[in-house]
1. Residues that are in contact with a Phe, Trp or Tyr (Cβ under 7 Å, 6 or more places away or on another chain) and closer than 27 Å to VAL533 by Cβ, at least 3 per element: which strands (runs of 3 or more DSSP E) completely within the stretch 409-471 meet that?
2. What residue, among those in the stretch 340-387 that are of a type in the set (Asp, Glu) and assigned to a strand (DSSP E or B), is surrounded by the most Cβ atoms within 10 Å (Cβ to Cβ)?
3. Pull up the stretch 239-289, narrow it to residues that are over 20 Å from ARG316 (Cβ atoms) and of a type in the set (Ser, Thr, Tyr), then point me to the one that is nearest to the chain's Cα centre (by Cα).
4. Can you report the number of residues in the stretch 121-146 which are farther than 18 Å from SER167 by Cα and of a type outside the set (Val, Ile, Thr)?
5. Please determine, by comparing only the residues of the stretch 423-449 that are over 25 Å from SER496 (Cα atoms) and buried (at least 16 other Cβ atoms within 10 Å of the Cβ), which one is farthest from the chain's Cα centre (by Cα).
6. Give the residues of the stretch 301-330 that are assigned to a loop (DSSP other than H, G, I, E, B), modelled with pLDDT of 95 or more and not small (Gly, Ala, Ser), sorted by residue number.
7. Here's a check for you: in the stretch 66-94, which residue that is at pLDDT below 95, closer than 30 Å to LYS266 by Cβ and more than 11 Å from the chain's Cα centre (by Cα) is surrounded by the most Cβ atoms within 10 Å (Cβ to Cβ)?
8. Take ALA195 and decide whether it is touching a residue at least 60 places away in the same chain (Cβ under 8 Å) and out of contact with any Asp or Glu (no Cβ under 9 Å at 6 or more places or on another chain).
Amino acid sequence: MISLSAGSRRPALFFVFACLTPALGWAEEPTKLDPYVVTAPRGDAPLTVTADPKAPAQPLPAHDGADVLKSIPGFSVVRKGGTDGDPVFRGMAGSRVVVALDGQCVLGGCGNRMDPPTAYAFPGAYDRVTILKGPQTVLHGAGNSAAVVLFENDPLRYTTPTASLQSSLVAGSAGRFDALLDARTGRAEGYARVAGTSTRGEDYEDGDGREVHSAYERWSTNAAVAWTPGEHTTIELSGARSDGEAAYADRAMDGVKFDRENLGLKVKREALSQLVRSIEVQVGYNYVDHVMDNYSLRDFAATAMMPARAVSNPDRRTLGGRALVQLAPAETTAFALGVDLQENRHSVRSTSNETTMPYAAKARTRDAEFSQAGAFGELTQKIGDEHRVIGGFRLDRWRATDERSVVALGMAGAATNPTAGQRRSTELPSGFLRYERDLYVVPGTVYLGLGRSERFPDYWELIKNESAASVSAFRAPTEKTVQLDTGLGLRTAKWSLNASLFANRIDDFLLVQSGYVKPAGMGTRAATITRAVDAETWGGELSANFRLTEHWRVDVTGAYTRGRNRTDGRPLAQIPPLEGRLALAYTQASWSAGGLLRAVARQDRVAIGQGTIVGQDIGATPGFAVASLNASWRFRAWARLSVGVDNLFDKTYAEHISRSGAMVAGYEQTTRVNEPGRTLWTRLDVSF
């Protein structure tokens, strides 16, 4: 059970006071209720989806970046416990989905993906989440073969002294309690912003009343100060700090520390000339210090793998920077030109017996270093009033160093690393070309794009796993994706429709395969390897909303992906099944009520033991349907109260891409990590 210390209670009490103080002293007439997020955020531009991470949503998301993405068609989340799931888009995961926090890349430290990048994204600290589908941009880093996810804050600029405050409280089943405070103030000469979040939850129960080892506690602080010496100049210094702990139902260890430190500096100058629209330079520092053990958040139970109290303490330091120039050579032409770079170092220290050999007394051992430097350009050319052509190209130079002297082989001990001290470097090109046409009979846009992305293997594919022929996968090839994207977006006063289709071929797809049999002395052993196969995926997403009357609205979404491993002649693993959502809402001036039905089809196209760095297939899954209800009341212009029940009928189910349930002392082991049963929640939002 996770408990709050006296020090950690103080922020929560402060949030409660901040939220309730206005309610005690103010009285205003209610105003029209804003829309709420149930099935799909906005898709106003081709291949782009924008969501408000502060808006109430159903099902109630965990207070991390992955769960916020679940409401977006095409996204799934690998369940591990109550928080810190791994996001999957169109069956692609890991570094195929680039995640940036305020323009900075954050990489986790855990070799078993206990802390994916979204574990360090506290959604309430950001104004907007933007998803760019497919290899259809070159502006946001290298290797984004599946998608780019941007957690962003809106630029601030004040002409007169201004102050604002936004806060929220969430309380729910299984001891759920979240608090958010976002305060901003500024004037013409500059501004300041601070956001704090705090969240905790106890072990939840599935639909059959079985407790899932899933308790967690997390907090974060984000702050920024800026000097705006002129109307078009901004110099911003920002920082972030966060930490937490989380119990996991899919493994033999829990996360007891998720410490992140961040510093960033951004300088932007706009309207330099008729040609130069803006110049922006950004640098950032991120340090992640992660600790996992097998005793702090669970009853210690000796196993053959870990007969004593064990601790692992990986860390990662990431330095990065980006320079971008926006040019307007002509009225119908826009050109973005820039460079970016990143360098990260990973190290680890561990102990198999914390009692006799404390991990903190040991020196860290660096096992890998990566660096990337890229140059890119993206052009938008208007052709008349209806047509646009957008294209981009980038070239990245990657370097990696294997600094391991030995490779751990689990129960088989360790082996000398055959690639110890080796370095590899390569240049990888990526690019895209897209045609867009605006429609006027029904306002909207159609598009067709072709993109190519070449991705360098990440830490987990190169360093964590073996290869089929060696105990090291350091020489794994780069992954090449060629993808066709097409779709349309239509919007009228009463309805809107967004549809997107994709199809790709992936050469040297880096498949992670567990249980691969290798010789070991007089017998054999099972290893997890990285191997290259040729693959293909295709599918799409659909979202539509209809305003039936002044008060009634219907939202419908669907997502489907199908994949094939062409090398092995079998389905590509870890592909989520067909999913659809139907939401019905009734909205008055100050209150609303609605329901959500989520239906997921059976998935029997599996490849057991194969998958990606976030997990492997463990078998077919049945379909399921889950119903939820919500209501919202804006009782003041500055305050809204929302209530809801998720999984109304207490359904017992698990997502197809869930991790396997582990044997945790005191808990019943399940095939997969089951989702929460019936969950009641209430939320208070205050903004003034």
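The values are calculated or read from the model by the stated rules, or taken from the named source; none is laboratory data. Because the structure is predicted, anything quoted here is derived from the model rather than measured. Ideal geometry is used to build each Cβ from the backbone, glycine not excepted, and the neighbour counts take in all protein chains shown.
1. On the way: elements: 414-416, 423-439, 444-455.
Fully inside the stretch 409-471 and qualifying: 423-439, 444-455.
2. Within the stretch 340-387, the first condition is being of a type in the set (Asp, Glu), and the residues that meet it are 340, 343, 354, 367, 369, 378, 385-386.
Okay, now just the ones that are also assigned to a strand (DSSP E or B), so 340, 343, 367, 369, 378.
Numbers: ASP340: 23, GLU343: 15, ASP367: 21, GLU369: 18, GLU378: 21.
Taking the candidates together, the pick is ASP340.
3. Let us first name the residues in the stretch 239-289 that are over 20 Å from ARG316 (Cβ atoms), namely 247, 249-250, 252, 265-281.
Now restrict to residues that are of a type in the set (Ser, Thr, Tyr): 273, 278.
Working: SER273: 37, SER278: 29 Å.
Among them, the one singled out is SER278.
4. Filtering the stretch 121-146 for residues farther than 18 Å from SER167 by Cα gives 129-146.
Those left that are additionally of a type outside the set (Val, Ile, Thr): 132-136, 139-146.
The number of residues fulfilling the criteria is 13.
5. Initially, the stretch 423-449 is screened for residues over 25 Å from SER496 (Cα atoms), giving 423-433.
So of that shortlist, the ones also buried (at least 16 other Cβ atoms within 10 Å of the Cβ) come out as 424, 428, 430-433.
Numbers: ARG424: 29, LEU428: 25, SER430: 23, GLY431: 24, PHE432: 24, LEU433: 26 Å.
Ranking the candidates gives ARG424 first.
6. Selection gives ARG309 alone.
7. The residue in question is THR83.
8. Numbers: touching a residue at least 60 places away in the same chain (Cβ under 8 Å): yes; out of contact with any Asp or Glu (no Cβ under 9 Å at 6 or more places or on another chain): no.
In short, no.
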